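Student: I have a structure here, written as structure tokens, and I will follow up with some questions on it.
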Number of protein chains: 2
Amino acid sequence: MRGNLFAVAVNLVVLTVRRHRLHVLLIERGEQPFLGSWALPGGFVLPDEDLTDTASRRLAEETGADTGQAVVGYLEQLASYAAPDRDPRGRVLSVGYLALLPDLPDPTPGGDAVASAWRPVDEVGELAFDHERILAEGVERARSKLEYTTLAASFCSAEFTVTDLRRVYEAVWRTSLDPRNFQRKVTSTEGFLVPTSTLVTGGRGRPPRLFRRGPATALHPPMLR
Amino acid sequence: MRGNLFAVAVNLVVLTVRRHRLHVLLIERGEQPFLGSWALPGGFVLPDEDLTDTASRRLAEETGADTGQAVVGYLEQLASYAAPDRDPRGRVLSVGYLALLPDLPDPTPGGDAVASAWRPVDEVGELAFDHERILAEGVERARSKLEYTTLAASFCSAEFTVTDLRRVYEAVWRTSLDPRNFQRKVTSTEGFLVPTSTLVTGGRGRPPRLFRRGPATALHPPMLR
DNA sequence: CCAAAAGTGTTTTACGTACACCCATGC
DNA sequence: GCATGGGTGTACGTAAAACACTTTTGG
């Protein structure tokens, strides 16, 4: 078998919406190379793991979230990066993964990290390796997938209001959407939202209804930014 | 550095439209494993290559096409596959690539292949490794990208008629489109098609005009199947 | 002339946009 | 009552779908 050998790692673009802004989970590296730099969480693929196994394991280690048969949350592969000089230790291929999660408590670092934190995606500075590029592609993928899938609900907890969902779109797209047209659009899309009988009291104004995710995954016609 | 080591290969889903049908380039393997089976063309990533380098090199070896600064044709990464048992020789990660080319002459096999051929995608039987899955994802990616990009033109030679372009859509989507609405749609999308002054004579009926690709890459609003 | 294929115009219908309006709660 | 946010109704414009029609060639 020809060809030289690579170490294979997975790196995660873990996104959530906190306080109406899109945030990404970053870790502070506790090892060389890039000791002390911020980076995407990730890790090497173990001998009997498939790529998705590594990604879910590392995601669970960093956040406690279990996306195995996820009721909330979402995990998908992005792309692979293998420039010859991307890691000073030698040839490392990294497979990017995109994870969408509801707003969780502050993380407790796992793996080789000394610290980890949710950071607004538009305030992320320099990252280790080629992680800025992976992050950019992850954010772009999330933005476009909101248009034609029901993935925005992956950013919400199991029950949520239409306004919660609209805030997700507004945070990810950095736009504002007409609340009235948005309401009609999402409630009239078959299988997107399943109404519950619960109303949320305690806030100002008319109490909103809680919804759960429906079975639909695609959005025809798409939501427009 | 922890983690075990992988061989890294690239496999290509090379698509073209021949005789109004979508075809894929397959090779007949001349080595173990899967000796004699049909497979996607591909090869291992060499020591100083990035993934795209390997993909373009192997594509050129199999077809003669140069997608480096492609006037015609297109090349993009699909996804990576690394199930522990996907290759009996050991751990091999394969990065799938999608290539779209205009109709070319029959290929001359390169690499480890003993034969290669264009096969209609809906007549492809069993393939080596997990290549059926890679092919399916490549075809699906091509189908959806035709909706919201101008990539259909990558299946055409440098100059082509509106009908040539419509035949591409019809072959990839296996639908029929209204020629009149299609005409208006593509000619009115800014930057999709640049008219030339040449008319194609010799056929039956009114001679069609030749067009070149314009600078547009996205299609707003999208083409609908 | 007729057939065939390219290309234009017109009508209908669906849906996005904008915005007026009503509903149900806290204070 | 009044402010606030949830939710509904309605008019308008843009564009897709369907299809009649004109244009330009070959036989």
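The values are calculated or read from the model by the stated rules, or taken from the named source; none is laboratory data. Keep in mind it's a predicted model, so treat the numbers as computed, not measured. When we count neighbours, we look across all protein chains shown, and the Cβ atoms used for this are built from the backbone with ideal geometry, even at glycine. The accessibility values were calculated without ligands, DNA or RNA, using every heavy atom of the protein model including side chains. Shrake-Rupley method; radii C 1.70, N 1.55, O 1.52, S 1.80 Å.
Student: Take chain A, connect every pair of alpha-carbon atoms lying under 10 Å apart with a spring to form a Gaussian network, then pick out the residue of A:VAL17, A:VAL200, A:VAL45 with the largest mean-square fluctuation.
Tutor: Among A:VAL17, A:VAL200, A:VAL45, the largest GNM mean-square fluctuation belongs to A:VAL200.
Student: Here's another thing I want to ask about it. If I model the protein assembly as shown as equal point scatterers sitting on the Cα atoms and use the Debye formula, what is log10 I(q)/I(0) at q = 0.08, 0.09, 0.13 Å⁻¹?
Tutor: These q points yield log10 I(q)/I(0) values of -0.54, -0.69, -1.27.
Student: Further, regarding this structure: Where nothing but the Cβ of Lys and Arg (+1) and of Asp and Glu (-1) is charged, how large is the charge dipole of the protein assembly as shown around its Cα centre, in debye to the nearest 20? Don't jump to the answer; show the numbers that get you there.
Tutor: Details: 54 positive and 56 negative charges, 475 e Å.
Charge dipole, the protein assembly as shown, about its Cα centre: 2280 debye, nearest 20.
Student: Calculate the mean, over all residues of peptide B:49-62, of how many other protein chain Cβ atoms lie within 10 angstrom of the residue's Cβ. Write down the numbers at each step before the final one.
Tutor: Working: counts 5, 6, 6, 2, 3, 2, 0, 0, 0, 0, 0, 0, 0, 0.
Partner Cβ neighbours, averaged per residue: 2.
Student: Determine the sum of side-chain charges near B:ARG18: Lys and Arg each +1, Asp and Glu each -1, restricted to other residues whose C-beta is under 12 angstrom from that of B:ARG18. It would help to have the intermediate numbers written out before the result.
Tutor: Numbers: positive: B:ARG19, B:ARG21, B:ARG119, B:ARG167; negative: B:ASP103, B:ASP106.
Value of the local net charge: +2.
Student: In addition: Dipole of chain A, Cα-centred, from +1 at each Lys and Arg C-beta and -1 at each Asp and Glu C-beta, to the nearest 20 debye?
Tutor: Details: 27 positive and 28 negative charges, 239 e Å.
Dipole about the Cα centre, nearest 20: 1140 debye.
Student: Once the label point is placed 7 Å from Cα along Cβ, list for B:SER188 the distances to the corresponding points in the other copies, in nm, shortest first.
Tutor: Relative to the other copies, B:SER188 has label-point distances of 2.3 nm.
Student: Among A:THR108, A:PRO208, A:TYR148, which residue has its Cα furthest toward the positive end of the charge dipole of chain A, with +1 on Lys/Arg Cβ and -1 on Asp/Glu Cβ?
Tutor: Positive-most Cα among the choices belongs to A:PRO208.
Student: Turning to a different aspect of this structure: If one takes the longest principal axis of the Cα atoms in chain B, at what angle in degrees, from 0 to 90 and to the nearest 10, does the Cα axis of helix B:162-173 lie?
Tutor: 40
Student: Let me ask something else. Kirkwood hydrodynamic radius, computed over distinct alpha-carbon pairs, for chain A: how many Å, to one decimal? Could you put the intermediate results ahead of the total?
Tutor: Values: mean 1/r = 0.0537 Å⁻¹.
After inverting the mean inverse Cα-Cα distance, the result is 18.6 Å.
Student: Working from Cα positions, state the angle (0 to 90°, nearest 10) between the long axis of helix B:131-148 and the longest principal axis of chain B.
Tutor: Helix B:131-148 sits at roughly 30 degrees to that axis.
Student: Just round it to a whole percent: the fraction of Cα-Cα distances in the range B:7-140 exceeding 23 Å. If you can, show how the numbers build up before the last one.
Tutor: Values: 2159 of 8911 pairs.
Percentage above 23 Å: 24.
Student: Quick check on packing: order B:213-224, B:137-148 by the mean number of other C-beta atoms within 10 Å, highest mean leading. Numbers along the way, then the final one.
Tutor: Details: B:213-224: 14.2, B:137-148: 18.3.
Packing proxy ranking, top to bottom: B:137-148, B:213-224.
Student: Sticking with this one: Normalized C-alpha radius of gyration of the range A:151-213, against 2.2 N^0.38 Å? Before the final figure, lay out each step's value.
Tutor: On the way: Rg = 11.4 Å, N = 63, 2.2 N^0.38 = 10.6 Å.
Scaled against compact globular proteins, the figure is 1.07.
Student: Further question on the same structure: List the distances, in nm to one decimal, from the label point of B:GLU137 to the label points of the same position in every other copy, shortest first, placing each label point 7 Å from Cα along the Cα-to-Cβ direction.
Tutor: 1.3
Student: Shifting gears a bit: How big is D for the range B:75-172, in µm² s⁻¹ as a whole number, if Stokes-Einstein is applied with the Kirkwood radius of its Cα pairs at 20 °C and 1.002 mPa s?
Tutor: Numbers: Rh = 15.5 Å.
It diffuses with D of about 138 µm²/s by this estimate.
Student: Which residue fluctuates the most in chain A, going by a Gaussian network model with Cα springs under 10 Å, if the choices are A:PRO208, A:PRO47, A:PRO195?
Tutor: A:PRO47
Student: Among B:GLY125, B:SER197, B:LEU165, which residue has its Cα positioned farthest towards the positive end of the charge dipole of chain B, with +1 placed on the Cβ of Lys and Arg, -1 on the Cβ of Asp and Glu, and the dipole taken about the Cα centre?
Tutor: Result: B:SER197, furthest along the dipole toward the positive end.
Student: Using alpha-carbon pairs under 8 Å, 6+ residues apart, how would you state the relative contact order of chain A in percent?
Tutor: Details: 411 pairs, mean separation 48.3, N = 225.
Here the relative contact order equals 21 percent.
Student: Compute a Gaussian network model of chain B, connecting alpha carbons closer than 10 Å, and tell me which residue from B:THR54, B:THR161, B:THR196 fluctuates the most.
Tutor: B:THR196
Student: A further question follows. If you fit an axis through the alpha-carbon atoms of helix A:51-63 and take the longest principal axis of the Cα set of chain A, what angle between them do you get, 0 to 90°, nearest 10?
Tutor: Computed tilt is about 70 degrees.
Student: How much net charge surrounds A:PRO105 when only other residues with a Cβ under 13 Å from its Cβ are counted (Lys, Arg +1; Asp, Glu -1)?
Tutor: Numbers: positive: A:ARG18; negative: A:GLU62, A:ASP103, A:ASP106.
Net local charge, A:PRO105 excluded: -2.
Student: Let me ask something else. Give, as a single signed number, the net charge of other residues whose beta carbon lies under 15 Å from the beta carbon of A:PHE160, with Lys and Arg counted +1 and Asp and Glu -1. Before the final figure, lay out each step's value.
Tutor: On the way: positive: A:ARG18, A:ARG166, A:ARG167, A:ARG209, A:ARG212, A:ARG213; negative: A:ASP103, A:GLU159, A:ASP164, A:GLU170.
Charge balance near A:PHE160 sits at +2.
Student: Tally the DSSP beta bridges in the protein assembly as shown and give the antiparallel ones as a percent, rounded to 5. Provide the component values of the computation, followed by the final result.
Tutor: Details: 59 of 77 bridges.
Beta bridges within the protein assembly as shown, antiparallel portion: roughly 75 percent.
Student: Given axes a ≥ b ≥ c from the Cα gyration tensor, I'd like to know whether the range B:119-167 is rounded (a/c under 1.5), prolate (a/b larger than b/c) or oblate.
Tutor: Values: a/c = 3.11, a/b = 2.03, b/c = 1.53.
The shape class here is prolate.
Student: At the nearest 100 Å², what buried accessible area, both sides summed, do you get for B and A when the probe is 1.4 Å? Walk me through the numbers on the way to the answer.
Tutor: On the way: alone 11870 and 11860 Å², together 21280 Å².
Roughly 2400 Å² of accessible surface disappears when B and A pair.
Student: Determine the percent antiparallel among the DSSP beta bridges restricted to chain A, to the nearest 5. It would help to have the intermediate numbers written out before the result.
Tutor: Details: 28 of 37 bridges.
Taking every DSSP beta bridge with both residues in chain A, the antiparallel ones total about 75 percent.
Student: Shifting gears a bit: Just the accessible area per residue of the range A:109-225, please: how many Å² with a 1.4 Å probe? Walk me through the numbers on the way to the answer.
Tutor: On the way: 6350 Å² over 117 residues.
Averaged over the residues of the range A:109-225, the accessible area is 54 Å².
Student: Under the convention of a label 7 Å out along Cα→Cβ, give the distances in nm from B:LEU35 to the same position in every other copy, shortest first.
Tutor: Label point to label point, same position, other copies: 5.2 nm.
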